[in-house]
Amino acid sequence: MRVELERRILEIVKQRSKNGVIQSELWSLLGVDNREGSRAVLSLVRKGLIRREQILYKGRKTYVLKYIPEKLEEVDLKVSLNPVIKLPCFVCKELYRCGSGGFFNPYKCSLLTYFLQSSST
């Protein structure tokens, strides 16, 4: 039953995604009480599907619920690895032993120093 309530809440919040939906109005739309509705909303928030923003509505503090787009499906992200793909650390056979204070040390590495100096120009 709770899964069904979560599904219905998510549908309504998606439909009103631009402005969101006032939490207290959602309870009356669904015919549920505050306690039952709040549990379902918090579950959706924990799952990362919606977010709650506290607002002042008709002189009272309440929450507006907004839909978070599906991860990477509706959000256009472009990441380029070109700047770091030539980093000498990726092909270094001593990488697993490298660390500050040790014999193999990124602060003393001539290949890394050269890479950083050449990439900054």
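Derivation of every value follows stated rules applied to the coordinates shown; laboratory data play no part. These figures come from a predicted structure and were not determined experimentally. Note that each Cβ is placed from the backbone with ideal geometry, even for glycine, and that neighbours are counted across all protein chains shown.
Each label point is 7 Å from the Cα along the Cα-to-Cβ direction; what then is the distance between the points at residue 2 and residue 61, in nm? Result for the modelled spin labels: 2.5 nm. What relative contact order, as a whole-number percentage, does the chain give when Cα pairs under 8 Å and 6 or more residues apart are counted? Across the chain, relative contact order equals 20 percent. The angle between the Cα long axis of helix 110-119 and the main principal axis of the chain comes to about 60°, on a 0 to 90 degree scale. Taking other C-beta atoms within 10 angstrom as a stand-in for reagent exposure, 6, 25 fall in the order 25, 6, fewest first. Run the Debye formula on the Cα coordinates of the chain, all scatterers equal and no solvent, and tell me log10 I(q)/I(0) at q = 0.13, 0.14, 0.16 1/Å. Summing over Cα pairs of the chain leads to -0.63, -0.66, -0.75. The long axis of helix 34-46 is offset from the longest Cα principal axis of the chain by roughly 20 degrees. Were the residues from residue 14 through residue 42 laid out at 0.36 nm apart, the gain over their Cα-Cα distance would be 8.5 nm. Amide H contacts of residue 22: 65, each under 5 Å away and 5 or more positions distant or on a separate chain (H built 1.01 Å from N in the peptide plane; Pro and chain starts excluded). For residue 55, the residues whose amide H sits under 5 Å from its own are 62, 63, 64, ignoring neighbours fewer than 5 places away on the same chain, with H placed 1.01 Å from N. Taking the chain as the reference, fit the longest principal axis to its C-alpha atoms, fit the long axis of helix 2-15 to the helix C-alpha atoms, and give the angle between the two in degrees, 0 to 90, nearest 10. Between helix and principal axis, roughly 80 degrees. Across region 2-67, the relative contact order, built from alpha-carbon pairs under 8 Å that are at least six residues apart, equals 42 percent.
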